[in-house]
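To keep things clear, I will list the structure first and then write my remarks on it.
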Amino acid sequence: MNIYVLLKRTFDTEEKITISSGKINEDGAEFIINPYDEYAVEEAIQVRDAHGGEVTVVSVGSEEGEKQLRTALAMGADKAVLINTEDDLEEGDQFTTSKILAEYLKDKEADLILAGNVAIDGGSGQVGPRVADLLDIPYITTITKLEIDGTNVSVVRDVEGDSEVIETSLPLLVTAQQGLNEPRYPSLPGIMKAKKKPLDELELDDLDLDEDDVEPKTKTIEVYLPPKKEAGRILEGELQDQVKELVQLLHNEAKVV
Amino acid sequence: MSRKVLVLGEVRDQSLRNVTFEAIAAAKQAAEGGEVVGLLIGDSVSALSGELIHFGADRVLTVEHDLLKQYTSDGFSQALMAAVDAESPDGIILGHTALGKDLAPKIAAKLQSGLISDVTQIEEAGGNIVFTRPIYSGKAFEKKIVTDGLIFATIRPNNIAPLEKDETRSGETSALSVDIKDLRSIIKEVVRKASEGVDLSEAKVVIAGGRGVKSEDGFEPLKELAQVLNGAIGASRGACDAEYCDYSLQIGQTGKVVTPDLYIACGISGAIQHLAGMSNSKVIVAINKDPEANIFKVADYGIVGDLFEVVPMLTEEFKKILVNA
């Protein structure tokens, strides 16, 4: 089976966010594989181990994404491709990224494409479904279970807490939700092997794209931190009085009840 | 510049979800005096068209078909694209719900347009429609504009106020006939887990429990409080991992993101991943035995104490004022 994973390099969840000259400050920040993409990598490896084939992990971004791609290779993916847009693009949006990925994938005859359902930095959750539509294949988002039998696929989809059992077929794109699996940690032999696995680097030129083809349709005009919350009030006194006070505050001051 | 903006109404259990009315309000702003066209897609939805108009839509378009009884991206995209072809709108607004998140990117790909997801505020500034949205799990915000083509956005429930319902408003409803075909996926079964009580993502009040609730039964006092306040029950990942409740209740980075008017955190320590799912709530109350718990840092009001003592007292006090109100 020909399996592809769409992977994004993101800020570590625990990082404190600061802003300098109108942008999120990346200096010294830890970067990781977007956690939802990690589920996608793990699932791809499991599908390959069960059905045979090859897992290729693809990322769009800068050279620095190499590190996260190596981690995916160390987990067990077979090949990695970095589409480096650093020199060609100043800005991009989901239109940009999905067009680049679709252009790369269009002649790859992928049976299964996996991605995270959302990236924890930008949080738009658009790229997976967009790529599927551009490739004219079906997609199922936020899946928690994937079963493949020949070209028949049974998927469980999380829909705001409810579950849908869906039947569809390959070729298919799915996006991973928490609960799909428990991503493995790269093993030491895995890390050693990963160093020798192929990691190709492409630029827009290699995909016969130029800047104008992928020009973003939206633009960020401002990035800011939420106003710092004033320290809350810890109530004091007898518990019964605290409760009474709280109810009054919520009713009369905050007016939310 | 006045625009024609299309709003997809979202139907759940034969009624419109609140986010639909919020989307109409957002569409009114984006339309800048232009027309807001409501769109209903389903097997039998035209009875709901009046409500769209009462909440501000100028007229309504319906697409009804047996294959649209349940949402599928193939079925609904055919219906929505037919409406786009018929109306040539300048903008499209949907809720940032399971449906909107799944459908909107497909439509954006088809129209080769931008899409601004998970919008919490919309305003006109400097000749542009400016959308505000949280990034980095709510730790920062960005303002975005559309630079080319369609104004297309999904809005986060509970953030944009709906217009006042006006039952004297009237408008035309017309049916669009679409031949829905070639669905590539079929929903075999729907397992409802989250459907009890108030919809968590749209609730005005959320009572959430953490590891401090100690057991499945430990959620009972929270449920009683939720009932009095017409709220929904939520949980931290810790409570879900410990099997005190179903994962459908999980609030946080990997669960649901909620922005109710009132969030009462009971026995929740306040891990950063949990805060990502609730820190934009309007008022946060923390109840925790540990005065050092992180949750107190984001709380507007805190009570240091045992939730099993505090929560029942709260329920009784709220009952008193709500009876008097």
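The values are calculated or read from the model by the stated rules, or taken from the named source; none is laboratory data. What you see is a predicted model; the values in this text were computed from it and never measured. All Cβ positions, even for glycine, are placed from backbone atoms using ideal geometry, and neighbour counts span all protein chains on display.
Tell me which residues, restricted to segment A:125-161, are closer than 29 Å to B:Pro134 by Cα, in a strand (DSSP E or B) and of a type outside the set (Lys, Arg).
Scanning segment A:125-161 gives A:Tyr139, A:Ile140, A:Thr141, A:Thr142, A:Ile143, A:Thr144, A:Val156, A:Asp158, A:Val159.
If a residue has to be hydrophobic (A, V, I, L, M, F, W, C), modelled with pLDDT of 95 or more and in contact with a helix residue (DSSP H, G or I) (Cβ under 9 Å, 6 or more places away or on another chain) to count, how many in segment B:141-195 make the cut?
13
Going by the structure shown, is B:Ser137 of a type in the set (Ser, Thr, Tyr) and at pLDDT 95 or above?
Judged against the criteria, B:Ser137 is not a match.
Would you pick out the residues in segment B:108-140 that are touching a helix residue (DSSP H, G or I) at 6+ places or on another chain (Cβ under 6 Å) and either free of Cβ contacts under 8 Å to residues at least 12 places away in the same chain or more than 7 Å from chain A (Cβ to nearest Cβ) (or both)?
Within segment B:108-140, B:Ala109, B:Ile122, B:Ile129, B:Gly138 meet the criteria.
Given the conditions (1) more than 10 Å from chain A (Cβ to nearest Cβ); (2) buried (at least 23 other Cβ atoms within 10 Å of the Cβ), which single one is not true for B:Asp179?
(2)
Report yes if B:Gly171 is assigned to a helix (DSSP H, G or I) and buried (at least 18 other Cβ atoms within 10 Å of the Cβ), otherwise no.
No.
Could you list all residues from segment A:218-243 that are assigned to a loop (DSSP other than H, G, I, E, B) and touching a Leu at 6+ places or on another chain (Cβ under 8 Å)?
Correct list: A:Leu235 only.
Quick one: which strands (runs of 3 or more DSSP E) sit completely within segment B:215-325 and have at least 3 residues that are hydrophobic (A, V, I, L, M, F, W, C)?
B:232-235, B:262-266, B:283-288
Go through segment B:61-120 and count every residue that is farther than 30 Å from B:Ser137 by Cβ and either touching a Ser or Thr at 6+ places or on another chain (Cβ under 7 Å) or not β-branched (Val, Ile, Thr) (or both).
Of the residues in that region, 22 qualify.
Residue by residue through segment B:246-292, note down the ones that are closer than 22 Å to B:Pro221 by Cα and more than 22 Å from the chain's Cα centre (by Cα).
Hits for segment B:246-292 are B:Cys266, B:Gly267, B:Ile268, B:Ser269, B:Gly270, B:Ala286, B:Ile287, B:Asn288, B:Lys289, B:Asp290, B:Pro291.
Write out, first by first residue and then by second, each pair whose Cβ atoms fall under 9 Å of each other, whose residues are 6+ apart or on separate chains, and whose first residue, in segment B:288-309, is more than 7 Å from chain A (Cβ to nearest Cβ) and of a type in the set (Asp, Glu) while the second is buried (at least 22 other Cβ atoms within 10 Å of the Cβ) and part of a loop (DSSP other than H, G, I, E, B).
B:Asp306/B:Gly267
If only one of A:Lys217, A:Lys197 is in contact with a Gly (Cβ under 8 Å, 6 or more places away or on another chain) and touching a residue at least 60 places away in the same chain (Cβ under 8 Å), which one is it?
Every option except A:Lys217 fails the conditions.
Going through segment B:148-168 one residue at a time, which ones are within 14 Å of chain A (Cβ to nearest Cβ) and surrounded by 15 or more Cβ atoms within 10 Å (Cβ to Cβ)?
B:Gly149, B:Leu150, B:Ile151, B:Phe152, B:Ala153, B:Thr154, B:Ile155, B:Arg156, B:Pro157, B:Asn158, B:Asn159
Taking segment B:80-98 as the region of interest, how many residues are buried (at least 20 other Cβ atoms within 10 Å of the Cβ) and either at the interface with chain A (Cβ under 8 Å from one of its Cβ atoms) or free of Cβ contacts under 8 Å to residues at least 60 places away in the same chain (or both)?
Total satisfying the criteria: 2.
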